[in-house]
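Working notes, beginning with the structure itself.
Bear in mind that the values in this text are calculations on the coordinates, not laboratory data. These numbers come from a predicted model, not from an experiment. We place every Cβ from the backbone using ideal geometry, glycine too, and count neighbours over all the protein chains shown.
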């Protein structure tokens, strides 16, 4: 188990390195350079161009690109992601306070989509070609065809503006104690929009996977032994059917992260996504680079986690 | 294809179509939703291409006397915050969305087919490099990277198409690679090689035509994805820029609570158009999958 994960970790290292390289190239395409952007324009004008050049030299801005990349990588590895162009706060600090709301939203969506998706997938498979099976198929098509922000606007219209059940923006009620129940009300709408999109593939894959395992011989044997049908489905068929689904769920994390960016913006959720949009609007490239990096690490970690869970539920993988 | 020709009896009298295996169109037609999707898509394309010529309002004509007018009368779907005709904008926005879908997917199908084909056919180091590259691009948090790149290059329709195209190729490459891996070991390829055919002849005459069907299916679904992505980017203000209309930026202009609550004609139509376009393309893709690949039973 440990060796297997170590091997996977070593494989993802060059991928992460490649990502940082691309990030660096992108960052260098950005207009202006960090030093000019950080300097007080008045001071730069008073001190003259020589002073500006000296500052650049001192910070290594005139080094050849590969050297700058290595320097930047060294800083990044130590957790120094630079400073925001806009308010000069450290980027790591700015992102740090935004990570938890995003992770909280994503975890909620993941848990809810699995709790909803797997049972519905099982139902769909057990009642193959019934009306509920067709209904779920159509809903599946709909959820991948509706833009999340449009669905969000629709839900805001119905549940915030007309019915006034759930708030349309934010994470807590301002000026009130931050209770769990209060935050839950704010969570419902954004989590529902993301959860629908996330549950659809889970339903589809659970259905397909269960339909496949249900015809396996060990399931027939379990039935022949006289086990109750529910036991056969849950203990024998579903357990094996869930193996590929774990991968589907983890491989879908990048899509969830992308969806979170848009939904955070719509619901003014104070997470990494709305920070990313604000940084784009404010042309705050250092913050944007940091967010890209953190998001890439999150995706790699979720892939790694998928491998880990996969090797736990299916011991054959470890020796593959 | 050749198998059907060989199986068919050489001598037939009268109409033989009833005895033949159903052709592509016949198989496609069985998929009701796919037929309906195709029809809706055709109508959408025709409307967005031709309807603007027949409307009395230009899509970008600002009329400040007609501020946020509800539907009816002169403006069938009302006017927006600059007094522009919503219907006219909706139609020209359709051109934008559909062309972004087509061009972006064309870009990534081209890249994916070339890279995946090279990797699958030649294997070894090339294959390793291509697949690691694909892993890398797949590990990018795509929408965040896309808004980053687009904001640096400048948000406009060309850059949106380019960036979606550059980020979208890995699934196509994996697909083509897989097909090439199995196809290159098949007898007809070995036979062709034995007759002294060059690599390029084998690839273009024998392997590629047989690998193309799953790509067509993936490209169709990809178009739906690309349209959604363009809409999302434009909605975030990082895509097509006003005054040029796109369904996404029409929704961006309708984000306020007042508009959502009191002016549904400003946000429902563009949203419904996106859903119609994407849903019908998805159904068409599903129909293609069933028709092109009879082995894939759902």
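At a glance:
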{"quantity": "Top of B:29, B:177, B:201 by mean-square fluctuation, Gaussian network on chain B, Cα under 10 Å", "calculated": "B:201"}
{"quantity": "For A:280-290, mean number of other protein chain Cβ atoms within 10 Å", "calculated": "2"}
{"quantity": "Within a Gaussian network of chain A (alpha carbon springs, distance under 10 Å), most fluctuating of A:197, A:224, A:169", "calculated": "A:224"}
{"quantity": "Distance in nm between pseudo-label sites at residue A:255 and residue A:55 (7 Å out along the Cβ direction from Cα)", "calculated": "4.7"}
{"quantity": "Computed [θ] at 222 nm, deg cm²/dmol, chain A (DSSP H ≥ 4; -39,500 (n - 2.57); rounded to nearest 500)", "calculated": "-24500 deg cm²/dmol"}
{"quantity": "C-alpha long axis of helix B:86-122 to longest principal axis of chain B, angle in °", "calculated": "30"}
{"quantity": "Stretchable slack from residue A:178 to residue A:80, in nm (0.36 nm times residue separation minus alpha-carbon distance)", "calculated": "32.1 nm"}
{"quantity": "Residue mean of other protein chain beta carbons inside 10 Å, B:148-155", "calculated": "5"}
{"quantity": "Fluctuation leader among A:266, A:103, A:232 - chain A, Gaussian network, Cα springs under 10 angstrom", "calculated": "A:232"}
{"quantity": "On Cα atoms only, tilt of A:253-266 relative to the major axis of chain A in degrees", "calculated": "70"}
{"quantity": "Cα→Cβ-extended label distance, 7 Å offset, between residue A:230 and residue B:125, nm", "calculated": "6.1"}
{"quantity": "Fully extended contour minus Cα-Cα distance, from residue A:92 to residue A:63, at 0.36 nm per residue", "calculated": "8.0 nm"}
{"quantity": "Helix axis angle, B:124-139 relative to chain B longest principal axis, alpha carbon, degrees", "calculated": "20"}
{"quantity": "Burial ranking of peptide ranges B:154-164, B:98-108 (average Cβ count within 10 Å, highest at the top)", "calculated": "B:98-108, B:154-164"}
{"quantity": "Test item: A:139-148 mean partner chain Cβ contacts at 10 Å", "calculated": "6"}
{"quantity": "Segment residue A:314-residue A:28, length gained on full extension (0.36 nm per residue, minus Cα span)", "calculated": "98.5 nm"}
{"quantity": "Computed [θ] at 222 nm, helices only, for chain B once each DSSP H run of length n ≥ 4 contributes -39500 (n - 2.57)", "calculated": "-22500 deg cm²/dmol"}
